[in-house]
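Data first, discussion second: the structure below is written as structure tokens.
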Amino acid sequence: MADHAHASSSPKGATAGTRADPHKVVIIGSGPASWTAAVYAARARLDPVVFAGTPKQTPSIVLPGGQLMLTTDVENYPGFPHGVTGPEMMRLFQQQAERFGTRVLGEDVARCDFSKRPFTLTAEDGREVVAKSVIIATGATANWLGLKNEMRLAMQGGGVSACAVCDGALPIFRNQPLAVVGGGDTALEEATYLTKFASTVYIIHRRDSLRASRIMQQRYLGQPNARVLWNKVVEDVAGEDRVEGVILRDTVTGEKSRLDVRGLFIAIGHTPATGFLEGSGIELDAAGYIALKTRSSYTNIEGVFAAGDVADATYRQAVTAAGMGCQAALDCERWLAAQGEH
């Protein structure tokens with residue numbers, strides 16, 4: 001799952017619930033949405049259990065803590081006036097949740113049975129956990145190019161990012177040449193945002209025309225420091241400690257060239273972590289995100305709630321995910337109370 005955090009099994013004994021004595025609420029995932037939900041649920045005495053997940057290589061690296069584990073400096077989350085690293089923020093989130101009694105399982109959920117209540121969740125090791133209610137907060141994983149140096153520099157905060165809105169205003173990118181890979185609306189939106197801070201922004205696109213809407217293209221191309229490199233793909237990222245350039249290949253001629261930039265932003269989409277929900281009955285939208293028909297966290301199955309990037313393809317920010325985690329915990333608490341389960 002994508003939205004996991006620093007996962008260590010809690011010493012408080014997160015034993016599996018039985019059908020006779022199910023957990024009140026199980027939270028799947030461990031990013032801002034899941035830990036916020038855990039804080040609220042724990043303070044409401046719902047004794048939450050969190051499936052925090054494990055690190056994995058998918059073709060890119062997926063770490064407990066989700067996208068924030070690849071973010072060195074977070075400057076736009078309220079309450080941290082001097083900024084905080086993504087991993088440290090997730091450590092603090094988990095610490096706060098555990099302070100109120102949240103129990104943590106450092107495992108992934110392989111499948112869910114929501115056909116009858118209480119629900120049954122099966123971990124990857126085959127263990128079954130039974131729950132009266134479930135909050136799904138597994139996030140979404142950025143799609144990466146899959147280059148070795150790309151992931152290495154992303155992991156060490158060397159100037160590779162999958163979120164311009166999150167990272168583009170950081171001092172290391174200001175007044176520097178930056179590159180964005182992609183050609184859709186998201187890529188154009190991120191590139192336009194970067195024009196506020198960069199000396200030059202280059203969009204690198206594998207075709208000779210952009211897929212983005214006309215208005216997004218006009219907005220970007222209307223900026224004096226905006227450029228587009230047509231028919232180009234990134235074959236490698238240059239730089240030891242931070243990005244110094246990208247190696248490009250022309251998709252028409254095969255010719256290779258180097259573009260000197262100080263930051264590389266990957267904007268080729270996200271994949272929601274919903275594969276484990278196959279066959280569960282949870283309604284997904286066309287892109288695979290959990291479908292929420294209202295501003296609440298209710299899914300199409302009573303007693304199952306969703307929060308964060310797994311149900312949000314629009315904002316994808318830590319603060320919005322945390323807000324959705326709060327909503328999910330409050331919705332869950334009220335639903336349990338209505339069932340006489342509080």
Check: With labels modelled as points extended 7 Å from the Cα through the Cβ direction, what inter-label distance (nm, one decimal) is found for Thr253 paired with Gln156?
Finding: 3.4 nm
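If you take every residue apart from Trp335 with its C-beta less than 10 Å away from the C-beta of Trp335, what net charge results, scoring Lys and Arg +1 and Asp and Glu -1?
-2
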Margin query: For the stretch 144-266, give me the percentage of DSSP beta bridges that are antiparallel, rounded to the nearest 5 percent.
Written below: 40 percent
Check: Once amide H atoms are placed 1.01 Å from N in the peptide plane, what residues at a sequence separation of 5 or more from Val74, or on another chain, have their amide H within under 5 Å of its amide H?
Finding: Val84, Thr85, Gly86
Check: If the limit is 22 Å between Cα atoms, which of Lys196/Lys232; Lys148/Lys232; Lys24/Lys116 go over it?
Finding: Lys196/Lys232
Notebook entry, point to check: Taking the Cα-to-Cβ direction at Asp113 and at Arg295 and moving 7 Å from each Cα, how far apart do the two end points lie in nm?
Noted result: 3.8 nm
Next item on the list: Rank-order 329-341, 76-88 by packing density, defined as the average count of other C-beta atoms within 10 Å over each peptide's residues, highest first.
Entry: 329-341, 76-88
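In the stretch 230-293, what GluC sites (Glu not before Pro) fall in a loop by DSSP, with at most 14 other Cβ atoms inside 10 Å?
Counting only loop positions with at most 14 other Cβ atoms within 10 Å, the GluC sites (Glu not before Pro) in the stretch 230-293 are Glu240, Glu255, Glu278, Glu283.
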Next item on the list: Report the equivalent ellipsoid semi-axes for the stretch 144-266 in whole Å, largest first, defined as the square roots of five times the eigenvalues of the gyration tensor built from alpha carbon atoms.
Entry: 20, 18, 12
Next item on the list: Compute the separation of the alpha-carbon centres of the stretch 209-239 and the stretch 25-43 and state it in Å as a whole number.
Entry: 39 Å
Check: Under 13 Å Cα-Cα from Lys293, which aspartates and glutamates qualify once same-chain neighbours fewer than 8 residues away are excluded?
Finding: Glu283, Asp285, Asp312
Notebook entry, point to check: Between Asp125 and Asp236, what FRET efficiency follows from the Cβ-Cβ distance if R0 is 45 Å, with the result rounded to 0.05?
Noted result: 0.75
Next item on the list: Can you tell me what the convex hull of the Cα atoms of the chain projects to on average, as an area in nm²?
Entry: 17.5 nm²
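Sort 302-314, 100-112 by packing, meaning the average of other beta carbons within 10 Å per residue, with the highest value first.
302-314, 100-112
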Check: Can you give me the relative contact order of the chain as a percent, contacts being Cα pairs under 8 Å and 6 or more apart?
Finding: 20 percent
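Using a cut-off of 13 Å between beta-carbons, work out the net charge of the residues near Ala169 (Lys and Arg +1, Asp and Glu -1, Ala169 not included). Don't jump to the answer; show the numbers that get you there.
Details: positive: Arg174, Lys196; negative: Asp73, Glu75, Asp167, Glu190.
Around Ala169, the charge tally is -2.
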Notebook entry, point to check: Unpartnered cysteines of the chain (Cβ-Cβ under 4.7 Å counts as a partner)?
Noted result: Cys112, Cys326, Cys332
Notebook entry, point to check: Distance in nm between label sites at Lys148 and Val319, each 7 Å beyond Cα in the beta-carbon direction?
Noted result: 4.0 nm
Note to self: Tell me which DSSP H helices of the chain clear both cut-offs, 24 Å or more of axial length from alpha-carbon atoms and a mean Kyte-Doolittle hydropathy of at least -1.0.
What the structure shows: 318-338
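A short reminder: the numbers here are calculations on the coordinates, not readings from a lab. Keep in mind the model is a prediction, meaning the values are calculated, not measured. Don't worry about glycine lacking a Cβ; one is built from the backbone with ideal geometry, like all the others, and counts go over all protein chains shown.
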